[in-house]
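A short reminder: the numbers here are calculations on the coordinates, not readings from a lab. It should be emphasised that the depicted structure is a prediction, and the values quoted were computed from it without experimental measurement. Cβ placement follows ideal geometry from the backbone for every residue including glycine, while neighbour counts extend to all protein chains displayed.
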Amino acid sequence: MDFEYPQEAERYREKVRAWLADHPSPSARELAEAGYVAPHWPRPYGLDASPVEQLVIDEEFRAARVDRPQNGIAIGWAGPTIIYAGDQAQMDRYLLPLLSAEEIWCQLFSEPGAGSDLAGLSTRAERDGDEFIVNGQKIWTSGGHLSKYGILLARTNPDVPKHEGITYFICPMDTPGIEVRPIIEMTGQHLFNEVFFDDVRIPAENVVGEVNKGWHLAKVTLGNERVSLSREGALWGMGPTARDLVNQVIAAGGTQDPVERQRLVRLYIESELLRLIRLRTISAAVAGKLPGPEASIRKALSDEHGKAVMGLAKYFAGSAGMLTDENDFNTFWHHGFLFSTALTVGGGTSEVQRNIIGERVLGLPKDIDAEMGKTWAEARVAIG
């Protein structure tokens, strides 16, 4: 890994510092208009920033304690897709309010019968003149109750293979016929929702790209992740790390129990391995190399690691881990323990990640049972 910045990066750093000096407390709109919310996006919405320039911007903004607007689904999914396949009218209408978080977006992809197998979705959108009439249900819609718009996948042609006949829509969440019902997690929070569509009319001008080509667009934004020094928290980058847990145990007097000490050491080693994988990914991006298998491997490892961190924290907290007093630090460990059960399901299940690693990294067949059956059949023929 090589993190020596080229000389031009330092010149770029001075440019970023000058802008921050002129805007010590920038508004969300100022950040969006200057291109600093998503600097890797093309101008005029971003800065066409290289991976090195993105890292420099991240560093300088952290040093200046300037926070950029948070609108995860919009910036990570909707915006890149609109830039890739949207028309000029869509870019002019949606991108700046999206970047400034003036309009929050959600993702209307998963369904009760189409999660890991998203292409099996059944929500229908039927053409009616200049509109599409949508009927169906979506689930696990993060922030759906707070969103102005949603990116919606719906089946527009049921008579073709499942990966075809899907269309990508911009869906105004206040459209008549949309019902958003909360899903209360066992943590007590309301982050997710199920969304019902009952004869919802969406203008044809809200189609992104071509009708029936939405499956391709659903995958487009996977290649648009921003290179940054992402957080190392145990809950999908949020919350404390294994190092924080170790430090808290030390501050409380440590432990002489060999099994407890071994569990702490194991978590610490895991966290260091994950940190190095993350740094390797960043180093490769800075060097202009294509992403390797590190993303799927890190996802599979970090989810189990997060569950283990919260489980051990719960163990050490003892009865105090059951406290729900917002002023008590143990409350977070209690919340994190409950939330951590979602880690191996959300964002691609651990089983799916292992399939990806097996097929794309190890070269294993997609249908191992079929391959084994073929092998046995060939063996029987050979034996006679």
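Is segment 7-69 best put as rounded, prolate or oblate by its Cα gyration tensor, with a ≥ b ≥ c the root eigenvalues, rounded for a/c under 1.5, and otherwise prolate when a/b is larger than b/c, oblate when not? Each step should come with its number before you reach the end.
On the way: a/c = 1.70, a/b = 1.11, b/c = 1.54.
Judged from the Cα gyration tensor, segment 7-69 comes out oblate (a/c at least 1.5, b/c at or above a/b).
Stretching the chain fully between Glu59 and Leu276 yields a gain of 76.2 nm (0.36 nm per residue, less the alpha carbon separation).
Overall size of segment 1-115 from C-alpha positions, given as principal axis extents largest first: 50, 35, 26 Å.
What is the Å³ per residue value for the convex hull set by the Cα atoms of segment 76-222?
Working: hull volume 16.2 nm³, N = 147.
In segment 76-222, the Cα hull volume divided by residue count equals 110 Å³.
Phi-derived couplings, Karplus 6.51 cos²θ - 1.76 cosθ + 1.60 at θ = phi - 60°, listed residue by residue for segment 202-214: 10, x, 4, 5, 8, 6, 9, x, 9, 4, 6, 10, x Hz, with x used for Gly and Pro. Residue separation of Ala204 and Glu14 scaled by 0.36 nm, minus their Cα-Cα distance, works out to 63.8 nm of gained length. Of the cross-linked pairs Lys219/Lys307; Lys148/Lys299; Lys162/Lys213; Lys307/Lys366; Lys138/Lys299, which ones have a Cα-Cα span greater than 21 Å in the structure shown? In this structure, Lys219/Lys307; Lys148/Lys299; Lys307/Lys366; Lys138/Lys299 exceed 21 Å between Cα atoms. Applying 1/(1 + (r/R0)^6) with R0 = 45 Å to the Cβ-Cβ distance of Asp257 and Asn355 gives a FRET efficiency near 0.75.
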